[in-house]
1. Going by the conditions given, is residue 225 free of Cβ contacts under 8 Å to residues at least 60 places away in the same chain and crowded, with 18+ Cβ neighbours inside 10 Å?
2. Hey, does segment 47-55 have a residue that's touching a residue at least 24 places away in the same chain (Cβ under 8 Å), surrounded by fewer than 19 Cβ atoms within 10 Å (Cβ to Cβ) and away from the ligand (no atom under 16 Å from the Cβ)?
3. Being under 28 Å from residue 97 (Cβ atoms) and in a loop (DSSP other than H, G, I, E, B) is true for just one of 209, 158. Which residue is that?
4. State all residues of segment 251-265 that are in contact (Cβ under 8 Å) with a residue 24 or more places away in the chain, open to solvent by less than 30 Å² (accessible area, probe 1.4 Å) and either within 12 Å of the ligand (Cβ to nearest atom) or not aromatic (Phe, Trp, Tyr) (or both); if no residue qualifies, say none.
5. Within segment 330-343, take every residue that is at pLDDT 95 or above and surrounded by fewer than 23 Cβ atoms within 10 Å (Cβ to Cβ) and give me the one that is farthest from the ligand (Cβ to nearest atom).
6. Tally up the residues in segment 15-42 that are acidic (Asp, Glu) and open to solvent by less than 10 Å² (accessible area, probe 1.4 Å), please.
7. Which residue pairs have Cβ atoms closer than 8 Å, lie 6 or more positions apart in sequence or on different chains, and pair a first residue in segment 282-307 that is more than 16 Å from the ligand (Cβ to nearest atom) with a second residue that is part of a strand (DSSP E or B) and hydroxyl-bearing (Ser, Thr, Tyr)?
Amino acid sequence: MPKGKVVKGDSSWFVHDRFGLFIHWGLYAQAARHEWVKHNERITNEEYDRRYFARFDPDLYDPRQWAAVAAAAGMKYFVVTTKHHEGFCLWDSKWTDYTAPNTPAGRDLLAPMVRAFRSEGMKVGFYYSLIDWHHPQYVLDPHLGPYRDHPDRQKMNKGRDQARYVQYLHRQVQELLTGYGKVDIMWLDFSYPKPDGSGKGRDDWQSEKLLKLIRRLQPGILVNDRLDLADVPGGWDFKTPEQFQPREWPTVNGQRVVWEACQTFSGSWGYHRDEASWRSTDELIRTLIDCVSKGGNLLLNVGPTARGEFDGRAMDRLAGIGRWMRYHGRSIYGCTQAPEDIPPRPDCRLTWNPDTRRLYVHIFAWPYKNLHLEGLAGKVLYAQLLHDASEVGMERNQRESSRQGGKRNLLTLSLPQAKPDQSVPVLELFLK
Ligand code: GLC
């Protein structure tokens, strides 16, 4: 990194927009049992390509429909796996034949996707796998990939040169960042350094050099935190908790950081036909709210099928999220964690828009008539339900407040008896 000035990406739009779509799409969609199928089942290159590369033909692929569905769900950006660990490239890369145009698909699948999402006004993110289980120069290690415990692994490494793979990696990233217009996010995945040097980390990707290249080609671009540069100033722009929700706003050296949780509908990132553990629309809406209430974003993943469609379960949830977002986008976009002097409640999540000075109370469990909020009496000008802008009565709760020595400053809101017909009802409080 350049000495002196630390170069970082521009996260101003990112912390406003809050909600994006992750897309995991590759040959593994045909296996339909996890994007790690090649690793999990130790499938050789030859077998993998015979089965999947030779047959990849997403005849129903219509990226304009994908983009429309994402926009209707309230998503403001998307991140797509240009290449996942299997090594297959969705775009027409000049550095390999292992690309969509060389399958029965016969064309660059990335360019029309970028066009479609951009024309919905969405920002563009590229996921690119640092790991590559196909490239002939990628050194086979004992941890990941179909050959990790193959008896001939060492022998197979003869003639492999990680430096040549790194050249390929850097060239491909350059190609992605010069051929598709403005790219807003670079999402690199992932490093697994080990104390004995048997894993892969910053030296195996030439991470610092790669990061410089990325920032030079796309000034302002946001880069995630998986290059193994945690301790390097400017080595990453945002944290990426995956498949769990942080308990509170993540910090580094005591400072709150920009973060984005990435979550799946069910567990697998790639299309998984038989997975039955799908989250409900309600749970997903709550997850989005939970992220924003802790100052973070949500990148919610879809694994399209090998025909090129979002399956019915995904469509159903995205539509449900969109119905909620139509009424409640105001409590998500431009919002963040509530100020410290407004204590959270266990059955609610609070978000706060510092520009409009509005506080949003997301009610996870509908109370018996009254909702008591600490720290707010005397501070609220007006209260309403967000979905229909209907007034909600409020009063300073003298009795409770004085019982607590006046300390808790309790505001009591009187809610309608019946929970509104909204997955998560939201109160909008206009603060002084
Ligand atoms: C992981 C997995 C992966 C997925 C990603 C998303 O590191 O290897 O399959 O793409 O996380 O965060």
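The values are calculated or read from the model by the stated rules, or taken from the named source; none is laboratory data. Every value quoted in this text rests on a predicted model; they were computed, and no experiment measured them. FYI the Cβ positions are ideal-geometry reconstructions off the backbone, even for glycines, and counts take in every protein chain you see. Just so you know, the surface numbers come from the protein's heavy atoms only, side chains and all, with ligands and any DNA or RNA stripped out. Shrake-Rupley method; radii C 1.70, N 1.55, O 1.52, S 1.80 Å.
1. Here the answer is yes, as residue 225 does meet what is asked.
2. Checked segment 47-55: at least one residue is touching a residue at least 24 places away in the same chain (Cβ under 8 Å), surrounded by fewer than 19 Cβ atoms within 10 Å (Cβ to Cβ) and away from the ligand (no atom under 16 Å from the Cβ).
3. Unique residue meeting the criteria: 158.
4. Across segment 251-265, the qualifying residues are 260, 261, 262, 263, 264.
5. Across segment 330-343, the extreme among qualifying residues is 339.
6. 1
7. 289/351; 292/336; 292/351; 293/351; 295/336
Yes or no, residue by residue, for (1) modelled with pLDDT under 95; (2) surrounded by fewer than 19 Cβ atoms within 10 Å (Cβ to Cβ); (3) not aliphatic (A, V, I, L, M):
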site: 292; (1), (2), (3): no, no, no
site: 300; (1), (2), (3): no, no, no
site: 328; (1), (2), (3): no, no, yes
site: 362; (1), (2), (3): no, no, yes
site: 377; (1), (2), (3): yes, no, no
site: 383; (1), (2), (3): no, no, no
